[in-house]
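Below: one structure, written as structure tokens.
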Amino acid sequence: MITLEAMRAAWPQIGLRMLAVGHALPAAGPVPNSYLEKLVDTSDEWIVSRTGIKERYFCAEQQNVELAEAAAKEAMARAGVEAGQIGVCLVATFTPDRQSPSVACCLQQRLGLPEDAVMFDMNAACAGFLYGVQTARQILLAAPAERPYALVLGSETPSRVLDFTDRNTCVLFGDGAAAAVLELSAENPYYAVCGSRTDNEQMLFCTGLADDKPGVVHMQGQEVFRFAVDIIPHSIEQLLTKCGLQLADIDHVVCHQANNRIISHVVKKMHARPEQFFINLQHYGNTSSASIPLALNDMWEQGLLQRGQKVICVGFGAGFTWGACLLTW
Ligand code: ACO
């Protein structure tokens with residue numbers, strides 16, 4: 001009989017392969033900064049210089065689950081994986097259409113996912129996709145042999161929880177979804193670190209059922225900035241130590257796409273090469289848990305991801321939560 005120690009020793013050798021990614025953006029099309037100039041006292045110049053964001057997408061009629069469905073279908077088609085082969089479907093989101101059922105459960109019928117697959121949403125805010133990949137890896141170990149694939153999504157509609165009279169927040173976020181199809185692999189090493197710290201719930205939160213006005217994002221921008229430029233390098237360094245690599249060994253770093261200035265600060269602090277850090281937030285704003293897979297999707301579509309490359313994904317979110325993982329593409 002295998003011992004607990006033997007199981008723990010084997011665990012790091014169980015790698016993970018991302019077969020494909022897919023994405024979906026609201027059909028209403030991109031919303032430029034000039035649109036927000038009409039709603040609040042702001043300017044394109046202020047938004048671009050403080051954040052790097054030029055445009056984002058907001059859903060009109062579309063729901064979160066519709067974006068999720070389109071992203072999942074694209075990822076599954078690119079991976080050549082059928083619905084019946086999915087053993088676990090996780091949707092990272094802090095903006096589900098309803099309290100319940102989960103977006104993941106609503107996807108079951110739309111995608112024809114099997115009844116014995118595990119399906120749930122998880123809320124780790126902007127770090128949600130990283131928490132999702134980490135969790136899916138563990139669930140895949142117990143999946144039936146005929147269902148060896150995980151579908152992990154970040155799918156968000158922050159436009160539903162923005163106060164469009166608050167210039168501090170409404171210029172920052174955008175809607176979007178992206179999905180990844182994953183399988184366990186002996187050839188693709190995978191390492192991850194995750195954490196959380198809740199010493200100031202007021203720094204970044206979205207009101208809920210216990211609040212007078214549910215569903216509104218609040219943020220202390222400068223505090224979040226300070227936290228981000230501390231925790232991102234910390235997570236990357238922890239991860240590199242765990243896998244015995246240097247930052248110079250890494251082909252791409254995919255940060256949560258919240259703000260250009262946060263990423264530039266991290267590059268400088270870590271003495272990294274700017275071109276290692278992919279940035280696409282100028283087109284989407286901060287799409288929370290969707291931002292990292294959306295970046296992977298754009299990188300793949302632009303031909304930047306080659307099999308065998310080492311990719312670090314790193315993010316942080318309300319909670320605060322954070323995480324980083326090393327994928328061998
Ligand atoms: N347009 C014009 N002026 C604005 C806007 C806006 N959209 N938003 C705030 N201001 C004003 C403020 O009211 C303030 O005015 P005052 O001096 O008269 O009081 C002034 O700009 C400076 O405000 P600060 O908050 O000091 O601006 P700062 O330079 O810090 O930039 C920002 C704000 C961009 C939010 C920055 O703090 C930041 O990047 N924080 C990180 C937060 C972040 O990225 N959050 C994303 C969500 S978190 C997540 O993804 C996990």
Region 77-131, residues that are in a helix (DSSP H, G or I), of a type in the set (G, A, S) and either within 16 Å of the ligand (Cβ to nearest atom) or without any contact (Cβ under 8 Å) to a residue 12 or more places away in the chain (or both): A125, A127, G128
T42 being under 21 Å from the mean Cα position of the chain (by Cα), among the β-branched types (V, I, T), within 16 Å of the ligand (Cβ to nearest atom) and surrounded by 17 or more Cβ atoms within 10 Å (Cβ to Cβ): no
Helices (runs of 4 or more DSSP H) within region 222-329 that include 3 or more residues touching a Leu at 6+ places or on another chain (Cβ under 6 Å), at pLDDT 95 or above and in the same structural domain as T93 (by TED's automatic domain parsing): none
Residues of region 183-201 classified as of a type outside the set (S, T, N, Q) and outside any strand (DSSP E or B), total: 6
Count - residues of region 46-61 that are without any contact (Cβ under 8 Å) to a residue 60 or more places away in the chain and outside any helix (DSSP H, G or I): 2
Members of region 153-168 that are buried (at least 24 other Cβ atoms within 10 Å of the Cβ) and in a loop (DSSP other than H, G, I, E, B): T157
Region 299-329 - residue that is away from the ligand (no atom under 16 Å from the Cβ) and of a type in the set (V, I, T) and, of those, farthest from the chain's Cα centre (by Cα): T328
Within region 169-193, considering residues that are in contact with a helix residue (DSSP H, G or I) (Cβ under 6 Å, 6 or more places away or on another chain) and not aliphatic (A, V, I, L, M), the one surrounded by the fewest Cβ atoms within 10 Å (Cβ to Cβ): Y191
Residue among A143, A150 that is part of a loop (DSSP other than H, G, I, E, B), buried (at least 20 other Cβ atoms within 10 Å of the Cβ) and in contact (Cβ under 8 Å) with a residue 12 or more places away in the chain: A143
Selection from region 45-72 of residues that are within 20 Å of the chain's Cα centre (by Cα), among the β-branched types (V, I, T) and within 16 Å of the ligand (Cβ to nearest atom): T51, I53
Cross-chain or 6+ apart pairs with Cβ under 7 Å, region 216-236 first and over 13 Å from T321 (Cβ atoms), then polar (S, T, N, Q) and within 11 Å of the ligand (Cβ to nearest atom): V217/T169; M219/N168; M219/T169; G221/N168
Top-ranked residue of region 143-201 - restricted to ones that are of a type in the set (D, E) and away from the ligand (no atom under 16 Å from the Cβ), ranked as modelled with the lowest pLDDT: E187
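The values are calculated or read from the model by the stated rules, or taken from the named source; none is laboratory data. None of these values were measured; they are calculated from a predicted model. FYI the Cβ positions are ideal-geometry reconstructions off the backbone, even for glycines, and counts take in every protein chain you see.
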